[in-house]
1. Given (1) modelled with pLDDT of 95 or more; (2) under 25 Å from residue 448 (Cα atoms), identify the lone condition not met by residue 92.
2. Could you check the range 267-296 and list, in sequence order, the residues that are in contact with a helix residue (DSSP H, G or I) (Cβ under 6 Å, 6 or more places away or on another chain) and not in a loop (DSSP other than H, G, I, E, B)?
3. Within the range 228-240, take every residue that is over 17 Å from the mean Cα position of the chain (by Cα) and surrounded by 14 or more Cβ atoms within 10 Å (Cβ to Cβ) and give me the one that is farthest from residue 368 (Cα to Cα).
4. Filter the range 38-72 down to residues that are surrounded by fewer than 16 Cβ atoms within 10 Å (Cβ to Cβ) and touching a strand residue (DSSP E or B) at 6+ places or on another chain (Cβ under 6 Å), then give me how many there are.
5. Quick check on the range 250-269: of everything there that is farther than 13 Å from residue 215 by Cα and at pLDDT 95 or above, which residue is nearest to the chain's Cα centre (by Cα)?
6. Being within 19 Å of residue 39 (Cβ to Cβ) and part of a helix (DSSP H, G or I) is the filter here, so list the residues in the range 65-79 that pass it.
7. Report the residue count in the range 78-92 for those that are surrounded by fewer than 18 Cβ atoms within 10 Å (Cβ to Cβ), touching a residue at least 40 places away in the same chain (Cβ under 8 Å) and touching a strand residue (DSSP E or B) at 6+ places or on another chain (Cβ under 9 Å).
8. For the range 178-206, name all the residues that are part of a loop (DSSP other than H, G, I, E, B) and out of contact with any helix residue (DSSP H, G or I) (no Cβ under 6 Å at 6 or more places or on another chain).
């Protein structure tokens, strides 16, 4: 029973074409194989570097690992990796959640290289170790989508669920961090949020002590992967208020709250310790270039600016937002809680001095709302399908995917600086990007390793990626059959 989701394990497998499933799986594997970048870069250096520093070198001084990445000309904001603190350590403003989630992958890689090729491993920057981190990112992204699809299907049915899953993965900024920027924290956040929220809802009537603890553990991991994800813990009081109003709350819940708190503390305490060791303070320290102004949020900019606006870069989000009233009606406290959390996160992101999220693809911080948008998309698609407008639903999702593909090509090949172009240039850029779309399919690490003549490394990378992707149908069958 995966993550204690009994409602899902009772869903029967619908008869379907094995060939069709194999075709879609093969297509997905081909896209990932061609596009997936297995290297660590950008913000990912800050998330990844805890692993070699602590595991391989037994130190919280991340400076030497940062220096290795800088020395090999990794694309990164160098000025934030060379800040020496009064205690002599190098500052790392990224939390440890992604590293903790990727730890089993890194340890397995480290063990293999110690046993098979002792003395030849480079646990800091070698391609195999970077692949361990990004393969973990891909694994959690696929697992999150399996959970989202199964959950949405149980509420809105199979067709809306598939359209919602495709829309979330391929028509929002999430696609960039599944394929092209896997070393960022977004896939790790989406997994922990999705698993935490779905577990709460699925066990709402009879939550066992173990499920209380696991929910807390997932909530704690979400909080130390991206600090604002602590807002999702508000789903607990949302559930409690609903139960009090409907006279179903019981004092027995108090022991559950205690177990949940213990689960939250298990990953949060190590984060506090790391902050104390590195920064000599107990609370997370923000990056020096980021500030908050809650009184003057950039709400409209975050929505429709060409500078990574949520709707301008991902128009399909509008279709998801239109479905939210139906989500709230159907899921009651859970839908209302997710909506309130979404509003809170939107306000926080709009209040940041870099509300656009830096030089990265789309409104990347809003990928944390993938579950909410997925539910909204499914509700909208279900509404259309009930009115025999299935083709319209498919067309809208397909248009969203096409827009995002063009925008990926425009972002990687045409937009030269991190600014929001005028709307005219932005739209013209979408047309100009058409000829660059094929280049997206030569971005992958495997092809680049083959081009460099590193055939054995390319084979290793391909096998690891294939092993991770192969978990998708296996886990899908598991959740369907129990």
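The values are calculated or read from the model by the stated rules, or taken from the named source; none is laboratory data. For clarity, every value in this text was computed on a predicted model and none was experimentally measured. Positions of Cβ are backbone-derived with ideal geometry, glycine not excepted, and every protein chain shown enters the neighbour counts.
1. (2)
2. 267, 268, 271, 292
3. Of all residues in the range 228-240, those over 17 Å from the mean Cα position of the chain (by Cα) come to 233-240.
Cutting the leftovers down to surrounded by 14 or more Cβ atoms within 10 Å (Cβ to Cβ) gives us 233-236, 238-240.
On the way: 233: 14, 234: 15, 235: 15, 236: 18, 238: 19, 239: 20, 240: 23 Å.
Step by step, filter the range 228-240, then rank; the result is 240.
4. Residues flagged as surrounded by fewer than 16 Cβ atoms within 10 Å (Cβ to Cβ) and touching a strand residue (DSSP E or B) at 6+ places or on another chain (Cβ under 6 Å) within the range 38-72 amount to 0.
5. Residues of the range 250-269 farther than 13 Å from residue 215 by Cα: 250-255, 268-269.
Narrowing further to those that are at pLDDT 95 or above: 254-255, 268-269.
Working: 254: 31, 255: 31, 268: 19, 269: 23 Å.
By that ranking, first place goes to 268.
6. Keep residues of the range 65-79 that are within 19 Å of residue 39 (Cβ to Cβ), which gives 65-78.
Scanning the range 65-79 gives 65, 66, 67, 68, 69, 70, 71, 78.
7. Total meeting the criteria: 1.
8. 181, 204, 205, 206
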